[in-house]
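Take a look at the structure below.
The values are calculated or read from the model by the stated rules, or taken from the named source; none is laboratory data. Because the structure is predicted, anything quoted here is derived from the model rather than measured. Because the Cβ atoms are built from the backbone with ideal geometry, glycine has one as well, and the counts that use them run over all protein chains shown.
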Amino acid sequence: MPTACDWLIPRPEGLYCVPGDFHIDPRRAVARAVITHAHSDHARPGHGAVLATRETLALMAARLGQGAVAAGSQALAYDEALRVGAVDLSLAPAGHVLGSAQVVLVHRGERAVISGDYKRSADPTCPAFAPMACDLFVTEATFALPVFHHPAPGGEIARLLDSLRLFPERAHLLGAYALGKCQRMIALLRQAGYDRPIYLHGAALAMCAVYRALGVDLGDLRALPAGRAVAAGELVIAPPAALADRWSRRLADPLPAMASGWMALRQHARARGVELALVVSDHADWDGLLRSIAETGARAVRITHGPPEALMHVLAAQGLDAAPLEGGGFAARREEEE
Amino acid sequence: MRAFAELLEHLTLAPGRDAKRALLTRYFATTPDPDRGHALAALIGETRRGAAGPAMLRALAASRVDPVLFALSYDFVGDLAETLALIWPARDGADAPPRLGEVVDRLAATSRAALPGLLTTWLDASPAPVRLGLLKLITGGLRVGVSAGLARAALADFSGRAEEEIAEAWHATAPPYGALFAWAEGRGPRPDAAGAPVFRPPMLAQALPGPEALGEDLTAWRAEWKWDGVRVQLVAGPGGRRIFSRSGEDLSAAFPEILEAMEFHATLDGELLVLPPGAPADAAPSPFAALQRRLGRRQPGAKLREALPAAVRLYDILFEGAQDLRPLAFDLRRARLENFFATRHPARMALSALIAVTDHAALARLAANARESGIEGLMLKRAASPYLPGRPRGEWWKWKRAALTIDAVLMYAQRGHGKRGSYFSDFTFGLWQGEGSDRRLVPVGKAYSGFTDAELAILDRFVRAHAIARFGPVREVEKTFVVEVAFDSAQRSTRHRSGVALRFPRIIRLRRDKPAEEADTLASLLAMI
Ligand SMILES: [Zn+2]
């Protein structure tokens, strides 16, 4: 049996589509890049031209500067078809963060889907993951071990609100990745009826401004005022790295919390020094990965951005051709990159 | 079980005593009997431990999970109970975990052979966080940092009663402490000991601010050595015998030879010590490290008891028979203690001698020279003081001998926890060893305290600006910063690379003025042992 979609090849700089002459989420600057979403491990600066959703282009420009999105760049809406060279290309919602997309490629009747990062649980800030039938599915694998079963986010939000009630004399400092997790947490809190102002670290505030401009309502958000002793009883959101940073000294007796899929593991929570570990992830958990792979109907699966062994073990038993996407961008994911 | 599992998780992550105390208080207020009482017993280690071991957990895993997937997962997670809790395949809608009370009762009534079946039923019925709490409880690996003292403080907050009162009532009840909670909530009478061995909160001394606090006339004061052991309370009577630590922890099982010698009906206050083998009860005690080895064993074997025999130096008597002597003046209690000792002569015990002090000069000399093995300093007790629980001001003073100090060089730093999470506040320091080109720094200890907030800010800035390597959370720093480290004593240790262990080291002064080359040598520290 010939390899499925042999026109899609991993190269040192990233996954390359031969008949379309472009890369997908390349790690180095290339002439033409299709970008699944604006996180730093997928969207690098310096490409000659970028194709992505309008939202991803806006977030990239905010993160990397206007210059990062070159003049030849193009926005493509979900499900809009585009011919690139000898390939039919479209983007489908990945449910990861605002603008995140799966890349659907069709060439000589063969279909390949590159998932980018994705999740299956509810997120009020972006459209849900849409399973796309294909022959080859390139899947992320951040949480590709059967110990990861993300709980329903509503329950984790309830735990945060509960803690705010239990420790009203302390500011709650929530670590959440500035792009995506931060806005999702805010939206989930608003859904749960939390209507107080939420204070933000500068990096998170900048991303929220883009979300707002793109039509996502996040309620009353404020910059942390200068000077000390802020906000007993208030909620402050900052990137995870700022939790143990000198920045946090501005807060009154802060209670460090963190929203991340990694918080399911005690050692990660303890190593981060958080007192409240919220298991809220923007990546599919073990069941989510297996379900998504099955729904694509793919006979070949390539695994990237996470440990491939457990998925390979299970998929091989189902008779699928499952392997790591060699050189196609696998790197141990840093926790901040969620 | 659900609330208990959540409490365990919060306690695991809560950094400080105050946060843990608030969590416990809320748990007691929101959890019904008998669960909260069982939780209390489990947290302070009064529940049967280790019903299941690692082998049983592995067997459970093998019954439900693909072995390859389990191995990959365990490798990643690193903790067996946690891996099993997370990987256990959930049943649809399985959300009816057992109550904590049910778990405790059924564990007590279930044989080892039937345990895996029972565990499977419970794991099937529980969501992941509850599964973890369940497995930690059953394997005896709670380790969430709740002492009897902390639990008592939380019970005091919960009930609005004084900690001393809580302590007495607590020890008159047994798990799940129904009567204790009924009384704490004002629904029942205060639990009565009725002859059972009851812990009485001890009287503690304050640090002497200076000799002038004693006044000109020393005749109103009694002096004793401050023995370097563990303060204990011996309680014996028709209802049983107990050895309590100063915070009310039950040490009875760890010191059977003392328990055996308690053939009396009284409550005594004393210092637990370890003596050289074969030495009489009033001999000079062995260094504190020897006692620490005994404290590390919940049930010591005969060999250890022979090598490190325990003894008690008696300070005071609180009850004789049923008579409460605590309202009496120290001098009167001392006379009762001496009389009690002369008639009973309990084995393994000796009176802590009173030291005659006539004038301030003699007292200062005594305090300065109190350096013999097993002596930490002087105790000064007002002759007229009744035995008052807690730390009443001006009644008892402790005059610790001057601390030893060394000038050491900062070598490594690590971030602190909780409020100090944003500061590098745990420091490893070292001393010089060798000569010429072989001269290098050897780490000799770690210090987390002693410095002021302003000094901590300086140390933190230094670490951030002068880190030369990182190992996970640890930073290695340039070897240029000298600190003065005070400590209570130094002992030989085979477990430390330097061959010496410091007791209670703290950074008392920053010596930016001193070049690192002029810091002390390891040899000079070894001379202080
Ligand atoms: Zn991402």
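Report yes if A:LEU164 is more than 20 Å from the chain's Cα centre (by Cα), more than 30 Å from A:PRO10 (Cβ to Cβ), more than 15 Å from the ligand (Cβ to nearest atom) and not polar (S, T, N, Q), otherwise no. For A:LEU164, the condition - more than 20 Å from the chain's Cα centre (by Cα), more than 30 Å from A:PRO10 (Cβ to Cβ), more than 15 Å from the ligand (Cβ to nearest atom) and not polar (S, T, N, Q) - is met.
If you filter the range A:198-216 down to residues that are part of a loop (DSSP other than H, G, I, E, B) and in contact with a Pro (Cβ under 9 Å, 6 or more places away or on another chain), you find that the one that is nearest to the ligand (Cβ to nearest atom) is A:VAL216. Summed over the range A:108-159, residues that are assigned to a strand (DSSP E or B), over 23 Å from A:GLU55 (Cβ atoms) and either within 13 Å of the ligand (Cβ to nearest atom) or touching a Gly at 6+ places or on another chain (Cβ under 8 Å) (or both) total 0.
Quick one: in the range A:285-305, which of the residues that are more than 16 Å from the ligand (Cβ to nearest atom) and in a loop (DSSP other than H, G, I, E, B) is farthest from A:LEU164 (Cα to Cα)? Per the stated criteria, the residue is A:ARG299. Report yes if B:PRO238 is in contact with a His (Cβ under 8 Å, 6 or more places away or on another chain), loosely packed, with under 15 Cβ neighbours inside 10 Å, at negative phi and not β-branched (Val, Ile, Thr), otherwise no. Considered against the rule, which asks whether it is in contact with a His (Cβ under 8 Å, 6 or more places away or on another chain), loosely packed, with under 15 Cβ neighbours inside 10 Å, at negative phi and not β-branched (Val, Ile, Thr), B:PRO238 comes out as yes. Per the listing B:ALA362, B:ALA307, the residue uniquely free of Cβ contacts under 8 Å to residues at least 60 places away in the same chain and within 16 Å of B:TRP221 (Cβ to Cβ) is B:ALA362. B:HIS345: on the phi > 0 side of the Ramachandran plot and over 29 Å from the mean Cα position of the chain (by Cα), yes or no? Answer is yes for this residue.
Only one of the numbered conditions (1) within 16 Å of the ligand (Cβ to nearest atom); (2) surrounded by fewer than 20 Cβ atoms within 10 Å (Cβ to Cβ); (3) closer than 25 Å to A:LEU278 by Cα; (4) not aliphatic (A, V, I, L, M) is violated by A:GLU169, and that is (1). For beta carbons closer than 7 Å, sequence separation of 6+ or different chains, a first residue in the range A:303-324 that is closer than 18 Å to A:ASP135 by Cα and a second that is of a type in the set (S, T, N, Q), the qualifying pairs are A:ILE303/A:THR139. Kindly indicate whether A:GLY85 is in the same structural domain as A:ALA133 (by TED's automatic domain parsing) and farther than 26 Å from A:CYS5 by Cα. For A:GLY85, the condition - in the same structural domain as A:ALA133 (by TED's automatic domain parsing) and farther than 26 Å from A:CYS5 by Cα - is not met.
Could you list, in sequence order, all residues of the range B:90-122 that are surrounded by fewer than 14 Cβ atoms within 10 Å (Cβ to Cβ) and either under 19 Å from B:ALA42 (Cα atoms) or in contact with a helix residue (DSSP H, G or I) (Cβ under 6 Å, 6 or more places away or on another chain) (or both)? B:ARG91, B:ALA108, B:ALA109, listed by residue number. Looking at the range A:9-32, can you tell me whether even one residue there is within 16 Å of the ligand (Cβ to nearest atom) and within 21 Å of A:CYS182 (Cβ to Cβ)? The answer is no; no qualifying residue exists. Of all positions in the range A:77-92, none carries a residue that is more than 16 Å from the ligand (Cβ to nearest atom), crowded, with 23+ Cβ neighbours inside 10 Å and aromatic (Phe, Trp, Tyr). Selection of the range B:407-442 for residues being within 32 Å of the chain's Cα centre (by Cα) and among the small types (Gly, Ala, Ser) yields B:ALA408, B:ALA413, B:GLY416, B:GLY418, B:GLY421, B:SER422, B:SER425, B:GLY430.
Output the strands (runs of 3 or more DSSP E) that fall wholly within the range A:7-71 and possess 1 or more residues being touching a residue at least 40 places away in the same chain (Cβ under 8 Å) and among the β-branched types (Val, Ile, Thr), or say none.
A:22-24, A:32-34
Just one of the listed residues (A:LEU218, A:LEU160, A:LEU200, A:LEU224) is away from chain B (no Cβ under 14 Å) and at pLDDT 95 or above, and it is A:LEU218.
Within the set B:THR47, B:THR25, the sole residue that is at pLDDT 90 or above and of a type in the set (S, T, N, Q) turns out to be B:THR25. Filtered by the rule that a residue be in contact with a Gly (Cβ under 6 Å, 6 or more places away or on another chain) and part of a strand (DSSP E or B), the range A:257-279 gives a lone residue, A:MET258. Number of residues in the range A:93-107 that are away from the ligand (no atom under 16 Å from the Cβ) and more than 17 Å from A:ALA294 (Cα to Cα): the value is 3. Out of the residues in the range A:176-197 that are within 16 Å of the ligand (Cβ to nearest atom) and in contact with a helix residue (DSSP H, G or I) (Cβ under 6 Å, 6 or more places away or on another chain), state the one that is nearest to the other protein chains (Cβ to nearest Cβ). Filtering the range A:176-197 for residues that are within 16 Å of the ligand (Cβ to nearest atom) and in contact with a helix residue (DSSP H, G or I) (Cβ under 6 Å, 6 or more places away or on another chain), the one nearest to the other protein chains (Cβ to nearest Cβ) comes out as A:ALA176. Number of residues in the range A:145-155 that are within 28 Å of A:PRO308 (Cβ to Cβ) and more than 8 Å from every other protein chain (Cβ to nearest Cβ): the value is 3.
Cβ-Cβ contacts under 7 Å between residues 6 or more apart (or on different chains), taken from a first residue in the range A:113-130 that is away from every other protein chain (no Cβ under 14 Å) and closer than 19 Å to A:VAL216 by Cβ to a second residue that is basic (Lys, Arg) and within 14 Å of the ligand (Cβ to nearest atom), are listed as A:ASP123/A:ARG184; A:THR125/A:ARG184; A:PHE129/A:LYS119. I need a count of the residues in the range B:340-354 that are among the small types (Gly, Ala, Ser) and within 13 Å of B:ALA284 (Cα to Cα). So the count comes out to 3. Somewhere in the range A:230-239, is a residue within 16 Å of the ligand (Cβ to nearest atom) and assigned to a loop (DSSP other than H, G, I, E, B)? Yes, the range A:230-239 contains a residue that is within 16 Å of the ligand (Cβ to nearest atom) and assigned to a loop (DSSP other than H, G, I, E, B). Out of A:ASP253, A:ASP282, I need the residue that is away from chain B (no Cβ under 14 Å), part of a loop (DSSP other than H, G, I, E, B), in contact (Cβ under 8 Å) with a residue 40 or more places away in the chain and of a type in the set (Asp, Glu). Which one? That would be A:ASP282, the only listed residue that is away from chain B (no Cβ under 14 Å), part of a loop (DSSP other than H, G, I, E, B), in contact (Cβ under 8 Å) with a residue 40 or more places away in the chain and of a type in the set (Asp, Glu).
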